[in-house]
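See structure below.
Read-outs: derived from the displayed coordinates by stated rules, not from any lab. Source: prediction; values computed, not measured. In this analysis, Cβ positions are derived from the backbone assuming ideal geometry, glycine residues included, and neighbour counts consider all displayed protein chains.
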Amino acid sequence: MEHDVASTEREAGAPGAPPEPAKPAPMTVGVVAVGLHGVTKRFGEDVIAVRNMDLEVRDGEFFSLLGPSGCGKTTTLRIIAGLDYPTDGSVQIYGEEMGLKPPNKRPVNTVFQSYALFPHMNVEDNVSFGLRMQNVDQAEVRRRTGEAIDLVRLSGMEKRRPNALSGGEQQRVALARALVNQPKVLLLDEPLGALDLKLRQAMQLELKDIQHEVGISFVYVTHDQEEALTMSDRIGVMNEGELVQVGRSEDIYESPANLFVAGFVGDMVFLPGEIAATGAVRLKGGEIVQARTTAAPGTSITLAIRPEMLDLYGERSEAPSGRNAVAGTVTRRIFLGESLYYKIDIGASGVFDVRVENVPSAKRWAVGDAVIVDFHLEAATAFAE
Amino acid sequence: MTMLDQRPDSQQEAANPELERRAERRESWRGFFHAVPAYAYLIAFFVLPLIIVFVFSFASRGRTGRPILDNWNLDAWTKLTEPLVSTIVGRSLFVAALNTVLCLIIGYAFAYWIATRPKQSTRTLLLILVLIPFWSNFLVRTYAWRILLDSDGYITQIGEFTGLWGRMLFTLPAVFLGLLYGFLPFMVLPLYAAIERIDWSLVEAGRDLYASGTRAFLKITLPLSRPGIIAGSILVFIPSLGAYVTPDILGGAKTTLLGNFIVTQFGAARNWPFGSALSGAILIVMVLTTILYFRSGARTL
């Protein structure tokens with residue numbers, strides 16, 4: 001797997017030694033692969049699955065739609081695929097208006113959440129299904145099917161039925177079955193959801209490699225924020241049918257647009273308070289800390305800080321100057337292996353969750369220790385309620 | 001998903017194969033004791049009468065037509081090759097086959113329609129409607145058809161008014177109508193069960209993979225409903241082949257089917273050995289075809 005990591009890193013930086021002119025560099029040009037404009041989807045009278053959504057997925061991009069279950073991300077994917085039609089708004093794929101085109105007339109393919117492999121066909125027939133339905137001639141069907149099966153490393157399993165395959169193998173068949181058609185955009189609906197953790201991590205890297213190799217846009221639906229952060233060029237965070245924020249992994253994690261994104265992506269410590277002066281927050285217990293904010297003085301806010309941005313010190317004097325420092329008591333310690341997790345009670349102000357990397361230099365604290373919680377001024381963001 | 005469940009799981013392998021085998025044997029004995037009453041019932045009321053029928057087919061016929069359990073011979077069996085028999089067998093096979101096909105076409109459309117109703121309560125209601133005719137006796141319902149098809153019956157009146165058909169009673173079409181009516185539920189129910197179980201995301205996957213609505217139906221829905229097609233076809237074909245009540249009440253002299261022919265042998269013709277031989281022959285043919293049908297179905301499922 002080390003090789004895989006290397007190749008994904010290379011993609012982000014300068015191109016490797018032999019330049020390949022055939023493959024367009026992703027994200028450099030603004031060609032829109034999938035465009036949604038004012039898309040709304042209602043089910044019945046009062047259920048709004050997707051609300052007035054504008055989205056542009058760029059050519060060659062790995063785009064993730066991230067959100068809790070029921071947020072409308074799968075519906076959005078189905079609208080792109082043509083399995084559902086929007087109540088309002090329009091969908092374009094490479095500039096072409098989709099309108100009421102049925103799924104079989106759209107240049108996209110889907111990897112379904114439960115894979116939806118045809119149980120009455122073997123691997124080969126599953127993979128070649130799309131080509132046969134397009135009436136591609138037999139010799140080419142055979143060649144391309146073989147290539148697709150090779151791409152997902154399933155050679156030798158052509159004659160097996162889906163129920164004789166493991167979850168990971170079924171997942172690869174679903175992928176090959178979609179990719180063999182050389183779609184302009186590949187839609188993936190939580191394709192790794194049914195796999196165990198180790199396999200999921202391996203498949204994340206593999207999917208990313210395959211995307212790099214075939215060079216098409218992937219629209220990837222997931223509720224797993226870690227998966228989205230790992231794989232995506234850009235992420236669109238959805239909540240209750242609305243697209244809340246679109247950006248690169250770093251943007252989403254480091255500058256969440258609102259409290260929902262802050263809480264949904266990554267761990268976050270939330271503390272209630274109010275703006276005391278410009279850039280200063282008064283916590284419930286009276287402590288004043290500096291934070292990033294645009295809210296006016298007097299506004300009630302929620303202060304959000306990443307647990308890994310917090311440092312612990314025994315004395316106020318040990319902490320570096322020019323940073324925020326709040327005194328508290330250790331009430332809980334959880335050993336997580338690569339890190340230690342502390343709960344620090346800061347009285348009326350609330351509770352800090354602190355994650356300290358488990359390195360030899362890190363001091364370990366015991367329950368009952370009095371500590372100083374220390375964090376950079378930029379690490380805390382105050383969101384108006 | 002069930003696909004995942006069927007994955008061979010190494011953890012379930014028994015640590016001690018001998019213990020496992022003994023437990024299995026004990027389990028199978030217990031199962032046998034539970035089944036004793038059922039076996040006894042089947043032997044007394046199913047196997048024994050069948051044996052009696054077979055024995056009688058080798059008996060001889062007395063001068064008054066009384067079967068004599070003596071002078072064992074194959075006369076009754078050789079009589080099966082007579083042209084009258086093959087005419088009746090041919091007609092019966094034709095009627096049973098055509099009725100099965102008609103039931104399949106109409107039943108599939110209906111079962112598909114019920115299975116795709118979005119609300120569970122609607123589906124239940126429609127299924128109950130399919131079953132309601134069973135609440136009254138089959139014979140009574142067939143007589144009702146006789147009234148409908150007779151000279152002054154509604155169906156005849158409609159036919160005469162439109163000029164499309166006349167009185168159908170005592171003709172082959174009347175027998176078909178009766179059989180179709182009688183056996184359609186046996187086709188609809190297994191088809192409904194099979195279609196309702198289909199994972200619709202498979203059809204969506206087919207549409208996503210460039211299949212038109214029709215091709216998705218032919219390549220995905222239809223093959224996946226195969227268990228229902230097989231079960232329904234057997235449930236309709238076999239009783240249609242041996243149908244007695246419907247052709248007897250709605251058919252005429254020229255529409256004698258196997259069932260009626262056999263009844264005649266035990267009644268008016270007073271030829272019990274021949275009737276027994278006919279019954280035995282049909283039974284053998286049906287068992288063989290059913291086995292073949294299931295085998296072919298099981299392999300391609």
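Taking every alpha-carbon pair under 8 Å whose residues sit at least 6 apart, chain A reaches a relative contact order of 15 percent. Relative to the longest principal axis of the Cα atoms of chain A, the long axis of helix A:123-133 lies at roughly 70 degrees.
Sparsely packed loop sites in region A:281-385 (the trypsin sites (Lys or Arg not before Pro) outside DSSP H, G, I, E and B with at most 16 other Cβ atoms within 10 Å) comprise A:LYS284, A:ARG323, A:LYS363, A:ARG364.
Tell me the mean residue ellipticity at 222 nm calculated for chain A from its helices only (DSSP H runs of n ≥ 4, each -39500 (n - 2.57), averaged over every residue, nearest 500). Kindly include the intermediate steps, with their values, before the conclusion.
Numbers: 9 runs with 95 residues, N = 385.
Mean residue ellipticity at 222 nm (helix-derived): -7500 deg cm²/dmol.
Annotation: the antiparallel percentage among DSSP beta bridges lying fully within chain A is about 75.
Quick one: dipole size for region A:267-384, taken about the Cα centre, charges +1 on Lys/Arg Cβ and -1 on Asp/Glu Cβ, in debye to the nearest 20. If you can, show how the numbers build up before the last one.
Values: 12 positive and 14 negative charges, 33 e Å.
With only Lys, Arg, Asp and Glu charged at Cβ, the dipole is about 160 debye.
Computed over chain A with a Gaussian network model linking Cα atoms closer than 10 Å, the most mobile of A:GLU206, A:GLU169, A:GLU357 is A:GLU357. Of A:LEU336, A:LEU195, A:LEU186, the residue with the greatest mean-square motion in the GNM of chain A, using alpha carbon springs below 10 Å, is A:LEU336.
Taking Lys and Arg as +1 and Asp and Glu as -1, the other residues whose beta-carbon sits under 15 Å from that of B:PRO118 total +1.
The C-alpha radius of gyration of region A:66-189, expressed as a fraction of 2.2 N^0.38 Å, stands at 1.12.
Taking 1 over the mean of 1/r across every pair of different Cα atoms in chain B, what Kirkwood radius in Å do you get? Intermediate results must be reported in sequence, preceding the final value.
On the way: mean 1/r = 0.0428 Å⁻¹.
Radius from the Kirkwood sum: 23.4 Å.
Restricting attention to the protein assembly as shown, close to 75% of DSSP beta bridges with both partner residues there are antiparallel. Net charge dipole, the protein assembly as shown: roughly 3780 debye, given to the nearest 20, about the Cα centre with Cβ charges of +1 for Lys and Arg and -1 for Asp and Glu. Relative to the first principal axis of the alpha-carbon coordinates of chain A, what is the inclination of helix A:138-151, with its axis defined by its Cα atoms, in degrees from 0 to 90 and to the nearest 10? Computed tilt is about 20 degrees.
For the protein assembly as shown, the direction-averaged projected area of the alpha-carbon convex hull comes to 48.5 nm². Couplings for region B:28-34, taken from phi via the Karplus curve 6.51 cos²θ - 1.76 cosθ + 1.60 with θ = phi - 60°, read 5, 5, 4, x, 5, 5, 4 Hz in order; Gly and Pro are left as x.
With a cut-off of 12 Å between beta carbons, the residues surrounding A:GLY72 carry a summed charge of +2, where Lys and Arg count +1 and Asp and Glu -1. Please work out the Cα center distance from region B:262-290 to region B:34-56, rounded to the nearest Å. Each part reduced to its Cα centre gives a spacing of 18 Å. Between the DSSP loop rule and a limit of at most 12 other Cβ atoms within 10 Å, which trypsin sites (Lys or Arg not before Pro) in region B:24-64 are left? Passing sites in region B:24-64 are B:ARG63. Name the residue, out of B:ASP208, B:ASP75, B:ASP248, whose mean-square fluctuation peaks in a Gaussian network model built on chain B with Cα pairs under 10 Å. Of the options given, B:ASP208 has the highest mean-square fluctuation. Taken as Cα centroids, region A:200-237 and region A:337-361 sit 31 Å apart, rounded to the nearest whole angstrom. For chain A, the residue among A:THR76, A:GLY156, A:SER232 whose Cα projects farthest onto the positive side of the dipole built from Cβ charges is A:GLY156.
For A:VAL111, the residues whose amide H sits under 5 Å from its own are A:LEU187, A:LEU188, A:ASP189, ignoring neighbours fewer than 5 places away on the same chain, with H placed 1.01 Å from N. Each residue of region B:173-182 is assigned a 3J(HN,Hα), and the resulting list reads x, 5, 4, 4, 4, x, 5, 4, 4, x Hz, derived from the Karplus form 6.51 cos²θ - 1.76 cosθ + 1.60 (θ = phi - 60°), x at Gly and Pro.
Just how large is the dipole of region B:79-300 about the Cα centre, in debye to the nearest 20, putting +1 at every Lys and Arg Cβ and -1 at every Asp and Glu Cβ? It would help to have the intermediate numbers written out before the result.
Values: 17 positive and 9 negative charges, 80 e Å.
So the dipole magnitude of region B:79-300 works out to roughly 380 debye.
Based on C-alpha pairs under 8 angstrom that are at least 6 apart in sequence, region B:79-300 has a relative contact order of 28 percent. Which chymotrypsin sites (Phe, Trp or Tyr not before Pro) from region A:31-105 combine a DSSP loop assignment with at most 15 other Cβ atoms within 10 Å? Filter output for region A:31-105: A:TYR94.
Of B:ALA144, B:LEU179, B:SER121, whose Cα points farthest to the positive end of the dipole of region B:95-204 (charges on the beta-carbon: +1 Lys, Arg; -1 Asp, Glu; origin at the Cα centre)? Checked the options; the winner is B:SER121. Evaluate the Debye formula for region B:42-169 with equal point scatterers sitting on the alpha carbons, no solvent, and hand back log10 of I(q)/I(0) at q = 0.21 Å⁻¹, in q order, two decimals. Log-scaled intensity ratios, in q order: -1.22.
Region B:187-203 and region B:80-115 have their alpha-carbon centroids 23 Å apart.
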